[in-house]
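The next block holds one structure in the form of structure tokens; read it before the comments.
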Amino acid sequence: MANEILEKVNFSENVVKLIIRSPYIAKSRKAGHFVIIRADAAGERIPLTIAGSDPEQGTIMLVVQRVGVSSAKLCDMKVGDTILDIVGPLGEATKVHKVGTILACGGGVGVAPMLPIVEAFKKAGNRVVTILAARNKDLIILEDEMRLHSDELIIMTDDGSYGQKGLVTDGMKAVIQREKIDESIIIGPAIMMKFASLTTKEFNIPTQASLNTIMVDGTGMCGACRVSVGGQTKFVCVDGPEFDAHQVDFDEMIERLGAYKTQEKVAYEAHEHECKRKH
Amino acid sequence: MDFAEYLKEQRNQEWRKELRSNIKSKDRTAIEKVHMPEENPHVRNTNNIEVNTGLTMEMAMKEAQRCLDCGDPTCISGCPVNINIPKFIKNIEKGDFLAAAASIKETNSFPAVCGRVCPQEIQCEQKCFYTQKLNLPSVAIGYLERFAADFERKSGKISIPEISHHNHIKVAVIGGGPGGLAAAFDLVKFGYDVTVFEALHEIGGVLKYGIPEFRLPNEIVDVEVSTLTKMGVKFVTNFIVGKTATFDDLRVEGFKAFFVASGAGLPNFMNIPGENLINIFSSNEYLTRVNLMNAAKSEFDTPVFSGKNVAVIGGGNTAMDSVRTAKRLGANRAMIIYRRSIEEMPARIEEVKHAQEEGIEFLNLHNPIEYLGDDQRRVKSMKLQKMELGEPDSSGRRRPVPIEGAIEIVETDTVVVAVGVSPNPLIPRSLPNLNMSKWGTIVVNDQMQSSIEDIFAGGDIVRGGATVILAMGDGRRAADGIDQYLKSKF
């Protein structure tokens with residue numbers, strides 16, 4: 001059945017990997033594409049970047065982090081459950097080409113959408129240096145898969161519980177000072193992308209960032225996802241999700257991501273309370 | 001038999017002749033035009049119930065008597081889908097309301113929708129003999145259409161138009177809004193195997209995400225869509241042709257022709273400073289959250305910001321829908337900001353009147369030039385440039401010109417920008433060879449055929465931003481065009 005969850009892996013307490021039957025999207029998606037998902041009839045429409053697919057099996061892979069009601073609903077779904085609505089693939093695909101050496105920086109669950117991009121750049125004949133960054137060891141995901149498609153894999157944790165101790169930018173600087181980087185791609189929490197972008201800007205390295213903003217329809221209709229890029233308003237859903245990171249107004253984006261934080265907090269607490277009551 | 005002969009043949013039926021002879025024309029014209037009953041404005045602006053409550057049976061039959069059943073029914077020429085207007089109205093006069101509904105459905109699958117949202121005052125009613133020759137208020141064609149459709153729906157005896165034969169030729173309709181649905185209705189009647197592909201999770205397009213419950217309840221859209229399902233139309237939601245699958249994929253699956261009615265997806269902004277502050281929305285976003293996602297109901301997850309001091313920028317029907325929605329979400333002050341005067345607003349007169357009754361403020365001859373935010377980048381006020389009317393512009397309306405130095409700061413915590421939409425770029429981007437205009441609309445010929453022979457298009461993706469009924473008219477024309485094209489091929 002379409003939209004059925006076929007496999008579920010708990011990466012950590014709050015991060016899950018879902019393998020979902022979605023034959024059309026499995027076939028048509030490319031690196032960089034995202035889907036819009038509505039878990040159930042009361043759910044909101046949220047964007048999730050596709051982490052991979054198997055066209056033969058007709059499945060797509062998504063990685064979801066529990067941050068609010070909508071993501072919690074997805075995280076709590078079980079194998080055999082069906083997601084009500086999945087539409088995609090949306091957005092413009094990553095422009096993959098051979099440029100030389102790529103520095104790919106993934107933070108937190110941003111590593112998931114980075115996976116197909118790293119894979120594609122490697123396939124295109126580039127040398128790929130990948131940095132995975134997270135707060136601690138438990139939050140490092142997809143390490144083996146990333147290692148498979150990277151020439152070198154560097155792990156950075158804030159607390160030093162795994163790999164090297166330090167921020168993603170520390171790892172980036174070390175690589176950049178060591179070898180010539182032709183292009184960089186960064187995906188992760190907005191604040192991480194802001195500082196990663198400042199780092200590559202310092203060294204004049206062309207950089208793409210994949211943005212994950214609030215969306216409703218995801219097809220260009222609502223404009224909730226608008227960001228300022230080079231002083232112009234762009235829609236992440238149809239013009240992105242990838243943009244020249246050095247042109248993105250990350251401060252504005254961070255504020256806009258918090259547009260509903262009060263409502264989201266109240267709703268999440270109510271949801272958790274309701275879940276506990278049921279169990 | 002051509003359309004004029006058909007109308008004549010219908011008009012000459014005995015029952016019509018008899019009805020005409022029952023009441024003298026001068027007695028008919030002496031009847032006063034019916035008033036649509038409405039909910040109390042100060043009650044309705046706190047809830048979502050429909051504003052117009054509909055004519056009673058007696059009111060409808062009386063109003064139907066006003067129609068003179070003209071020999072030359074000019075009203076029909078004002079209808080984009082050519083409803084046989086005198087025939088349905090005379091059926092109402094006769095008291096055969098189900099026959100009235102069936103008459104409308106000969107050419108229009110959505111009478112309950114059109115009876116509510118069509119701008120009849122610039123279409124059929126503007127061409128009515130009363131308006132044209134008698135200088136009297138027209139027959140209330142729209143109210144009567146709605147009456148017939150509502151009667152049929154409530155009777156539980158909804159007529160399903162018959163399909164004479166099935167030719168098993170597959171046609172894809174892209175977009176489940178008014179244009180696509182109208183095309184699907186005609187195509188399935190012609191015998192085609194029709195599938196409608198819709199990007200969103202519900203069928204109805206702007207009828208669902210855009211037009212609010214208090215003007216068009218979603219349930220009414222669902223009932224009219226279910227008629228299409230019963231006629232054999234297949235619906236696939238969450239499917240974006242050009243993304244989920246390509247046109248070529250669908251050709252391989254056996255689709256022989258396409259009708260693209262993907263709508264005017266992209267909201268326009270004014271590109272003024274501060275427009276990306278938090279709590280500044282496009283009308284599409286604001287209305288979609290409330291109408292499609294049920295954001296105002298606590299049991300749904302989608303949030304909406306219910307401001308106390310809401311400014312809606314624009315003077316069209318979407319602006320009226322947005323500002324009246326804001327009032328219903330609890331705004332103390334809900335205001336329209338429009339750069340021209342109230343007379344020049346493109347919104348329907350009825351919508352403006354309803355808004356005024358509900359306590360909406362109108363700041364006409366005001367134009368926003370900048371938004372100011374607080375330390376969290378939430379909008380807190382706007383700078384408005386006061387305008388005056390100058391010489392007429394290309395639209396025939398007097399051009400608004402800024403009054404130098406007349407700038408006002410008005411507090412606001414929510415802004416909804418309703419200054420029009422642009423065509424959705426998804427379909428054109430997936431078809432690099434498609435002939436497009438410089439405005440991003442698809443170029444079509446009289447049969448609504450694009451530069452790619454099996455692809456037809458209509459509605460906002462061709463017009464750039466029009467009305468429900470014009471999209472429906474395009475859908476019908478495209479269905480004819482597709483029929484001719486496929487007959488010449490197969």
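All of the numbers you see were taken from the coordinates with simple rules; none came from a lab. The structure presented is a predicted model; accordingly, all values stated were derived computationally and were not measured. Here Cβ is always computed from backbone atoms with ideal geometry, including for glycine, and neighbour counts include all displayed protein chains.
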Point to revise | Per-pair calculated FRET efficiency, R0 = 60 Å: B:Gln447 and A:Asp54 via Cβ, rounded to 0.05 | key: 0.90
Point to revise | Packing-based order for B:172-185, B:237-250, B:23-36, using average beta carbon neighbours within 10 Å, highest first | key: B:172-185, B:237-250, B:23-36
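Which pairs, out of B:Lys87/B:Lys230; A:Lys165/B:Lys243; B:Lys243/B:Lys327, put more than 30 Å between their alpha-carbon atoms?
Violating the 30 Å Cα-Cα cut-off are A:Lys165/B:Lys243; B:Lys243/B:Lys327.
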Point to revise | At most 12 other Cβ within 10 Å, DSSP loop - trypsin sites (Lys or Arg not before Pro), region B:95-203 | key: B:Lys157
Exercise for review: Averaging sequence separations of C-alpha pairs under 8 Å and six or more residues apart, then dividing by the length of region A:5-90, give the relative contact order as a whole percent.
Suggested key: 38
Exercise for review: Give the distance, in whole Å, between the Cα centre of region A:2-41 and the Cα centre of region B:1-38.
Suggested key: 60
Practice item. Show the residues, 5+ positions off or on another chain, whose built amide H is closer than 5 Å to the amide H of A:Gln208. Key: A:Ser184, A:Ile185, A:Ile186, A:Ala245
Revision key, fill the gap. Among B:Phe269, B:Gly180, B:Pro37, the residue whose Cα sits farthest towards the positive end of the charge dipole of chain B, when +1 is placed on the Cβ of each Lys and Arg and -1 on the Cβ of each Asp and Glu, is B:Pro37
Revision key, fill the gap. At 4 °C in a medium of viscosity 1.567 mPa s, chain B has a Stokes-Einstein diffusion coefficient, with Rh taken as the Kirkwood radius over alpha carbon pairs, in µm² per second, of 54
Point to revise | For chain A: relative contact order, % (alpha-carbon pairs under 8 angstrom, 6 or more apart) | key: 16
Check your understanding: What FRET efficiency, computed as 1/(1 + (r/R0)^6) with R0 = 56 Å and r the Cβ-Cβ distance, is obtained for A:Asp170 and B:Glu5, rounded to the nearest 0.05?
Key -> 0.10
Check your understanding: So what is log10(I(q)/I(0)) for chain A at q = 0.07, 0.13, 0.15 1/Å, when the Debye sum runs over its Cα atoms only?
Key -> -0.24, -0.86, -1.17
Review point. Dipole magnitude of chain B about its Cα centre, charges +1 at Lys/Arg Cβ and -1 at Asp/Glu Cβ only, in debye to the nearest 20?
Key: 520
Check your understanding: On alpha-carbon atoms, Rg over Rh for region A:5-90 using Kirkwood Rh?
Key -> 0.93
Practice item. Would you work out the relative contact order for chain B, in percent, from Cα pairs under 8 angstrom that are 6 or more residues apart? Key: 14
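Per residue of the protein assembly as shown, what 222 nm ellipticity follows from adding -39500 (n - 2.57) for every DSSP H run with n ≥ 4, rounded to the nearest 500? Before the final figure, lay out each step's value.
On the way: 29 runs with 263 residues, N = 769.
That comes out to -9500 deg cm²/dmol.
Share of antiparallel DSSP beta bridges in chain B, in percent to the nearest 5?
40
For region B:205-297, state which GluC sites (Glu not before Pro) are in a DSSP loop and have at most 16 other beta carbons lying within 10 Å of their beta carbon.
Listed in order of number, the matching sites are B:Glu253.
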Check your understanding: Looking at this model, which pairs from A:Lys194/A:Lys265; A:Lys276/B:Lys234; A:Lys17/A:Lys261; B:Lys157/B:Lys256; A:Lys123/A:Lys194 are more than 31 angstrom apart at the alpha-carbon?
Key -> A:Lys276/B:Lys234; B:Lys157/B:Lys256
Practice item. Take every Cα-Cα distance within region B:345-490, group them into 10 Å bins from 0 onward, and report for each bin the whole-number percent of pairs it holds. Key: 9, 23, 26, 22, 15, 4, 1
Review point. Dividing the alpha-carbon Rg of the protein assembly as shown by 2.2 N^0.38 Å yields what?
Key: 1.03
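What FRET efficiency comes out for the pair B:Asp96/B:Asn12, r = Cβ-Cβ distance, R0 = 25 Å, nearest 0.05?
0.90
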Exercise for review: Enter the Cα centre distance for the pair region A:197-216 and region A:90-143, rounded to the nearest angstrom.
Suggested key: 13
Review point. Once the principal axes of the Cα atoms of region A:101-257 are found, what is the range along each, listed largest first in whole angstroms?
Key: 41, 31, 28
Check your understanding: So, in Å, what gap is there between the alpha-carbon centers of region B:315-339 and region A:161-190?
Key -> 49
Practice item. Kindly work out what percent of the DSSP beta bridges joining two residues of the protein assembly as shown are antiparallel, to the nearest 5. Key: 50
**Study point:** Neighbour-count order for A:Lys8, B:Lys17, fewest beta carbons within 10 angstrom listed first
**Key:** B:Lys17, A:Lys8
